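Worksheet: the structure to be examined is printed underneath.
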Amino acid sequence: MDTISHNAATAVAADSVVANDKISRWSVEQVEVLFNLPFNDLLYRAAGVHREHFDPNAVQMSTLLSIKTGGCPEDCGYCPQAARYHTSVENEDMLSVDEVVAAARAARDKGATRFCMGAAWRGPKQRELDRVLGMVRAVRELGMETCATLGMLKEGQAEQLKEAGLDYYNHNLDTAPEFYGNIISTRTQDDRHDTLDKVRAAGLNVCCGGIVGMGESRRTRAALLVEIANLDPYPESVPINNLVQVEGTPLHGTDALDPLEFVRTIACARITMPKAMVRLSAGRQAMSDGIQALCFLAGANSIFYGDKLLTTGNPEAERDRELMQRLGLHAMGSGA
Ligand code: SAM
Ligand code: DTB
Ligand code: SF4
């Protein structure tokens with residue numbers, strides 16, 4: 001088939017995929033059809049879906065804080081906080097509620113509407129969770145939305161977080177089932193689904209995404225999105241992380257992903273989860289302004305805002321404000 005008729009055939013297949021926005025169970029093949037579209041066609045479709053459900057010029061801004069850094073017993077191959085890898089991240093004590101409130105206040109004063117607290121745990125012990133509950137209550141009192149990512153939850157823990165006023169719980173599926181074993185051995189994807197079920201059952205908003213740029217194929221990226229989009233219901237928030245390569249981790253030295261392929265991943269996330277907040281997450285520091293602009297066009301409508309993610313860098317707040325101004329983007333209000 002020549003290129004023009006190949007593109008036409010792909011577009012027809014994509015039409016039938018996109019027209020059916022009631023799709024509640026996606027197949028990997030359907031999402032591959034989207035991924036394989038000519039770039040302009042894919043972005044046009046994704047931007048259309050974005051506009052149907054959101055103000056396309058509004059971006060939600062969350063600030064992250066590591067409330068317990070390093071020393072993690074897990075073996076996630078991308079993570080600088082795993083105790084077993086020799087990285088520059090040290091095992092630190094958990095922060096106090098006062099330290100967290102000071103950081104949240106500073107983030108709020110710079111324009112963040114959501115504050116996300118991350119801990120390098122397999123899962124929280126009850127006395128650790130007790131302190132997190134105090135943090136959640138205190139951050140909420142500042143008028144911010146709250147999110148936590150603490151690892152796997154045991155029976156009753158999601159309910160305690162909900163009761164304290166937590167808005168979102170982040171727990172990522174990370175990659176497609178067939179690739180998962182290459183990246184992590186200390187917890188299964190079923191374990192992750194189990195925590196996601198608990199979070200959903202407790203009435204918390206679900207924040208669940210993954211990482212690309214770990215040496216996976218396009219099909220694997222499609223399969224990751226299928227795994228997330230087929231959660232019933234799909235998550236309210238979907239962070240798409242580009243691997244931040246950290247020296248000392250097993251994935252350091254992986255071939256970098258083509259930035260345009262990252263944009264495609266954002267577009268496919270937008271089309272498969274039309275009403276979710278799609279977050280352009282880790283990896284922005286290494287991204288050009290042009291690629292970030294394409295990500296916003298492709299339907300990303302949330303970012304991590306502030307000079308640091310958990311342990312690695314993020315663009316400076318001032319630079320992000322400038323970029324948003326150049327693109328005519330504005331901050332999405334709290335609760336939007
Ligand atoms: N320890 C908890 C857990 O893993 O569930 C919570 C914190 S963990 C750091 C949260 C997420 O950050 C991971 O699931 C992963 O998707 C992402 N992440 C960690 N290191 C990363 C890296 N180097 N590059 C991109 N994303 C990363
Ligand atoms: C998510 O999906 N990405 C954020 C947040 N959820 C917790 C974490 C990114 C971490 C990047 C590596 C680091 O800074 O340690
Ligand atoms: Fe630990 Fe989370 Fe890092 Fe995995 S991603 S090593 S669980 S901190």
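In whole Å, how far is the Cα centre of segment 62-82 from that of segment 26-50?
Their Cα centres are 33 Å away from one another.
With +1 on each Lys and Arg Cβ and -1 on each Asp and Glu Cβ, how big is the dipole of segment 3-331 about its Cα centre, in debye rounded to the nearest 20? Please list the in-between numbers first.
Details: 34 positive and 43 negative charges, 86 e Å.
The calculation lands at about 420 debye.
Tilt of helix 218-229 relative to the longest C-alpha principal axis of the chain, in degrees (0 to 90, nearest 10)?
Tilt relative to the chain: about 60 degrees.
So how much slack lies between Arg122 and Glu29, counting 0.36 nm per residue of separation and subtracting their Cα-Cα distance, in nm?
Details: separation 93, 0.36 × 93 = 33.48 nm, distance 3.36 nm.
Taking Arg122 through Glu29 to full extension adds about 30.1 nm, to one decimal.
Stokes-Einstein at 10 °C, 1.306 mPa s, Kirkwood radius from Cα pairs: D for segment 37-98 in µm² s⁻¹? Before the final figure, lay out each step's value.
Numbers: Rh = 15.7 Å.
So the translational diffusion coefficient is about 101 µm²/s.
Straight distance only, please: which aspartates and glutamates reach the Cα of Lys125 with their own Cα at less than 20 Å, same-chain residues fewer than 8 apart left out?
Glu74, Asp75, Glu92, Asp93, Glu155, Glu159, Glu163, Asp191, Asp194, Asp197
Arranged from highest to lowest average of other beta-carbon atoms within 10 Å per residue, in what order do the peptides 303-315, 285-297, 218-230 appear? Present the calculation step by step, with values, prior to reporting the outcome.
Numbers: 303-315: 20.3, 285-297: 17.2, 218-230: 22.5.
Result, highest mean first: 218-230, 303-315, 285-297.
Once you list every other residue whose beta carbon is under 9 Å from the beta carbon of Tyr168, what net charge do they have if Lys and Arg are +1 and Asp and Glu are -1? If you can, show how the numbers build up before the last one.
Values: positive: Arg114; negative: Glu145, Asp167, Glu236.
The answer is -2.
Which value in deg cm²/dmol, rounded to the nearest 500, describes the helix-derived mean residue ellipticity at 222 nm for the chain, given -39,500 (n - 2.57) per DSSP H run of n ≥ 4 and division by the residue count? Before the final figure, lay out each step's value.
Details: 12 runs with 140 residues, N = 336.
Only helices count here, giving -13000 deg cm²/dmol.
List the extent of the Cα atoms of segment 3-331 along each of their three principal axes, largest first, rounded to whole Å.
Computed over segment 3-331, the largest-to-smallest principal extents equal 62, 42, 38 Å.
Please identify the cysteines of the chain that lack any partner cysteine with a Cβ under 4.7 Å from their own Cβ.
For the chain, the answer is Cys72, Cys207, Cys208, Cys268, Cys295, because their Cβ atoms have no other cysteine Cβ under 4.7 Å.
Please give the FRET efficiency for His330 paired with Ser217, using the beta carbon to beta carbon distance and R0 = 51 Å, rounded to the nearest 0.05. Kindly include the intermediate steps, with their values, before the conclusion.
Numbers: r = 37 Å, r/R0 = 0.73.
That gives a FRET efficiency of 0.85.
Hey, quick one: spin label on Arg105, modelled 7 Å out along Cα-Cβ, who in segment 130-150 has an amide N within reach, i.e. under 17 Å?
Only 135-145 fall inside the zone, counting backbone N under 17 Å.
Rounded to the nearest 0.05, what FRET efficiency do Asn57 and Glu159 give with R0 = 51 Å and r taken as the Cβ-Cβ distance? Could you check? Provide the component values of the computation, followed by the final result.
Numbers: r = 37 Å, r/R0 = 0.73.
So the FRET efficiency works out to roughly 0.85.
Read-outs: derived from the displayed coordinates by stated rules, not from any lab. Only a predicted model underlies this, so the values are computations on that prediction, with no experimental measurement involved. With ideal geometry, Cβ positions are generated from the backbone for all residues, glycine too; neighbour counts draw on all protein chains shown.
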